[in-house]
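To start, the structure itself, in structure tokens.
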Amino acid sequence: MKDIKNICCIGAGYVGGPTMAVIALKNPNINVHVVDINAQRIAAWNDEDLSKLPVYEPGLDEVVGQCRGKNLFFSTEVNKAIDLCEMIFISVNTPTKTYGVGKGMAADLKYIELCARQIAEVATTDKIVVEKSTLPVRTAQALKSILKNTGNGVNYEILSNPEFLAEGTAVEDLMDPDRVLIGGDETPAGQEAIQALATIYGAWVKKEHILTTNVWSSELSKLTANAFLAQRVSSINALSELCEHTGADVNEVARAIGTDSRIGPKFLKSSVGFGGSCFQKDILNLVYIAKSYGLHEVADYWEQVILMNDHQKRRFAANIVKTLYNTVSGKKIAMLGWAFKKDTNDTRETAAVYVADELLNEQAALQVYDPKVPEAQVFVDLDYLNSRAAADNKNYVTVQQDPYEACKDAHAVAILTEWDEFKDYDWQRIYDHMKKPAFVFDGRNILDIPKLKAIGFTTYSIGKGNI
Ligand code: UDX
Ligand code: UDX
């Protein structure tokens, strides 16, 4: 296999954008082309003003600033990039199917298939095609079949190279990954392709951190890694409810179990529920795959992680209603945080939207504030749920640019995202402008509850209860 000089990535999203930027930074001799059918998104990646990049990630602006125009290019010219590059990453989205067989569970692979067909149509030289999107096991087989049967007779090697970066720490995770996983065929050509990709990562990742497997192991590992992480969150969240009923403190329990080196301290933060583009989707996928092999006990086991998560979001909202004397109708409730976690502007599957939906069903008047999520996105998310007319969402929800405005005249403040700035607010000032009694519902366990109590707030913290 000759040296790779040009690589491209189809899909300039949360994964494709940052991953390619770091590859470009670490491989100045390789030209990296990031292409996307969404012209608006590409324009944003090319914006002179680096604060306008479509993906907010700490440190990303700096990396893009260093490489863009030198060896990192963003464009909508998908065909040109396919033709030029020896290695093609596919990083398009694979949402849960909203129709047909597997609706609500299976991954919708239509964008992946479209990419494969486009590559097959355009390519006139041999290509290495790298699956970056999270895919159900054995998708590589489908890709191979499309490429072989519709292509121009050129050779393709398919690699699976799942991404383990977490949003909010994407650049850090890419710069110093726990491991890079590359799955490929056991044939000599497959092994050569694996080496070509390993060389690119080898520019900055230690050899012993680059794991190679067969394609199926690699595909399944991505789903499984996310399922295990989400399972930890659901496990601690299940205990949070028990803590609230028994007087145990979930933070203390988490610390006590996390110091057991076999369990470890990470991913034991109790929360209003996990969100993000991956956890739910990947577990649903795992459940669907298990079911399709007739493995019903396996499917039920993993599905429970999601059921627990749904329960956590619902019970958080229900507790707000119950505490506010069983009615929130017409009451102003401030929601601080809309992103699915801190340090990202991503709102996919955010717990906030489900909590908002429950409160809107009770006719609450919501005042939303998030430091990074634009107003329009809040309404896109609410409208997507399809629970009520878009006009009603507009009537009952106001998005504020200022957190103090959001809390003004509110009966309660609910913390949905763990943004650091929430801890530093002038809570006395917030209290002074709220209706009394003033309630705080901390869905992320981040606030200094004794301090809030001293001010006069009535407080609830997840896993501690009404304290
Ligand atoms: C990624 C992975 O690809 C997904 O499988 C994983 O589970 C979550 O993370 P992400 O980068 O977050 O997805 O998705 P998104 O931000 O939606 O970006 C995908 C991009 O692909 C979009 O900009 C979209 O316009 C583009 N796209 C989609 C194409 O260019 N061509 C298509 O045919 C479809
Ligand atoms: C996840 C995986 O971590 C990453 O490896 C994979 O590539 C994509 O999916 P991401 O979704 O970006 O990354 O965020 P993550 O940090 O895993 O958090 C997911 C959700 O779990 C968030 O809503 C977060 O707030 C929640 N969470 C996480 C908790 O509620 N408690 C915890 O202790 C940890």
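Brief remarks follow.
- L268 assigned to a loop (DSSP other than H, G, I, E, B) and over 30 Å from K408 (Cβ atoms): yes
- Any hit, the stretch 190-198, residues being among the acidic types (D, E), within 18 Å of E86 (Cα to Cα), out of contact with any helix residue (DSSP H, G or I) (no Cβ under 6 Å at 6 or more places or on another chain) and away from ligand 1 (no atom under 16 Å from the Cβ): yes
- Scanning the stretch 206-229 for residues that are without any contact (Cβ under 8 Å) to a residue 60 or more places away in the chain and either touching a helix residue (DSSP H, G or I) at 6+ places or on another chain (Cβ under 9 Å) or closer than 28 Å to Y301 by Cα (or both) yields K207, H209, I210, L211, T212, T213, N214, S217, S218, S221, F228, L229.
- Per-region count, the stretch 129-155, residues of a type in the set (A, V, I, L, M, F, W, C), more than 20 Å from D83 (Cβ to Cβ) and part of a loop (DSSP other than H, G, I, E, B): 2
- Qualifying residue in the stretch 170-178 (condition: surrounded by 22 or more Cβ atoms within 10 Å (Cβ to Cβ) and farther than 25 Å from Q66 by Cα): no
- S234 vs. criteria touching a residue at least 24 places away in the same chain (Cβ under 8 Å) and among the hydroxyl-bearing types (S, T, Y): yes
- Residue check, K342 in contact with a helix residue (DSSP H, G or I) (Cβ under 7 Å, 6 or more places away or on another chain), in a loop (DSSP other than H, G, I, E, B) and either within 24 Å of S133 (Cα to Cα) or among the hydrophobic types (A, V, I, L, M, F, W, C) (or both): yes
- Residue that is nearest to Q280 (Cα to Cα), among those in the stretch 335-389 that are within 16 Å of ligand 1 (Cβ to nearest atom) and more than 16 Å from the chain's Cα centre (by Cα): Y384
- Selection within the stretch 151-166 - away from ligand 2 (no atom under 16 Å from the Cβ) and either free of Cβ contacts under 8 Å to residues at least 12 places away in the same chain or of a type in the set (D, E) (or both): G153, E157
- Which numbered condition A317 misses (of (1) more than 16 Å from ligand 1 (Cβ to nearest atom); (2) surrounded by 23 or more Cβ atoms within 10 Å (Cβ to Cβ); (3) under 23 Å from the mean Cα position of the chain (by Cα); (4) not in a helix (DSSP H, G or I)): (4)
- Candidates are the residues of the stretch 433-467 that are in a loop (DSSP other than H, G, I, E, B) and of a type in the set (G, A, S); the one that is surrounded by the fewest Cβ atoms within 10 Å (Cβ to Cβ) is G456.
- Residue pairs whose Cβ atoms lie under 8 Å apart, separated by 6 or more positions or on different chains, with the first residue in the stretch 266-285 and under 20 Å from V15 (Cα atoms) and among the β-branched types (V, I, T) and the second more than 16 Å from ligand 1 (Cβ to nearest atom) and at pLDDT 95 or above, are I283/W302; I283/E303; I283/V305.
- When the strands (runs of 3 or more DSSP E) confined to the stretch 345-422 are screened for residues that are crowded, with 18+ Cβ neighbours inside 10 Å, those reaching at least 3 such residues are found at 365-369, 412-415.
- Which numbered condition D126 misses (of (1) of a type in the set (D, E); (2) closer than 26 Å to L181 by Cβ; (3) surrounded by 16 or more Cβ atoms within 10 Å (Cβ to Cβ); (4) away from ligand 2 (no atom under 16 Å from the Cβ)): (3)
The values are calculated or read from the model by the stated rules, or taken from the named source; none is laboratory data. These numbers come from a predicted model, not from an experiment. Reconstructed Cβ throughout: ideal geometry from the backbone, glycine too, with neighbour counts over all protein chains shown.
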